[in-house]
Amino acid sequence: MKAQHIGMVALVAAVSIFALVGWSDGQQESSPTGLITVTGDAEVRVVPDEVILILGVETWNKDVDLAKAQNDARVQQVLDLAKGYGIESKHIQTEHISIEPRYEENWEKRGFIGFFVRKTVVITLKDVSKFEDLLTSVLDSGVNYVHGIQFRTTELRQHKDQARALAVRAAREKAEAMAKELGQEIGKPQSIREDQVGWWSGYGGWWGASWGGMMAQNVVQNIGAGPMESDGSLAPGQISINARVTTTFELK
């Protein structure tokens, strides 16, 4: 009776092993013979339809009230001038304000120089053709820093979708070309991933920080502006919108 029990256990074990081997073989036969992973890149260039100016006004005086009053007066001149160009109030913003006491020897705090008052004004200009005149006017009105000039497009979503579609097409064409060199063809796509391309803002390197670096608003693009033309007119060039995708295809 004991020997019979042992024999039944061995038979069950053999059947289990056979079933496991059969299942593994079946899975192996249905798996793809190979995969190819490629990256597709695309770039779309568009003419900007608005420009942002980031302007700085700095004044100083040993009397903090006087330093602030001088700064307020200059900033108000800039605001009035911008409105004179037909720029709406919602497109004019005072972004950064700071008051800093300075000394000739900062460590010992000796030789007091005065209080330095700084303000940043951000202007969004919807008519790019007025850019040069506006910039000249604000510099004459008391602006002593130009922290950044950013050309951009208000149709970013549309252009980004176009760039992404071109990147997907580029990835497929690359995969087809590579597979052909190996005497193979590509099959169905197995995966696709959009790779984040860096969004660099020209606002970096100024007093304020909230507008700088990577733009969460997803509205600002790299500048492709050309040089000033001989007649003094602005040549804003084109904005470059980039897309990159990584796709994996079956190999047949």
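Every number in this text was worked out from the coordinates using simple rules, so none of it is lab data. Worth saying up front: this structure is predicted, and the values here are computed from it rather than measured. Virtual Cβ from ideal backbone geometry, glycine too; neighbours counted across all protein chains shown.
Observations on the structure shown:
- The residues Thr37, Thr120, when put in order of fewest to most other Cβ atoms within 10 Å, stand as Thr37, Thr120.
- Cβ-defined net charge surrounding Phe249, 15 Å radius [Lys, Arg +1; Asp, Glu -1]: +2
- Volume of the convex hull of the stretch 50-152 (Cα atoms only), normalised per residue: 97 Å³.
- Short-range pairs are left out: with C-alpha atoms under 8 Å and at least six residues apart, the relative contact order of the stretch 57-160 is 35 percent.
- The distance linking the stretch 88-157 with the stretch 64-79 is 13 Å (Cα centroid to Cα centroid, whole angstrom).
- Convex hull of alpha carbon positions in the stretch 100-178: directionally averaged projected area 11.4 nm².
- Proximal charge balance of Gly142 [Cβ under 12 Å; K/R count +1, D/E count -1]: -2
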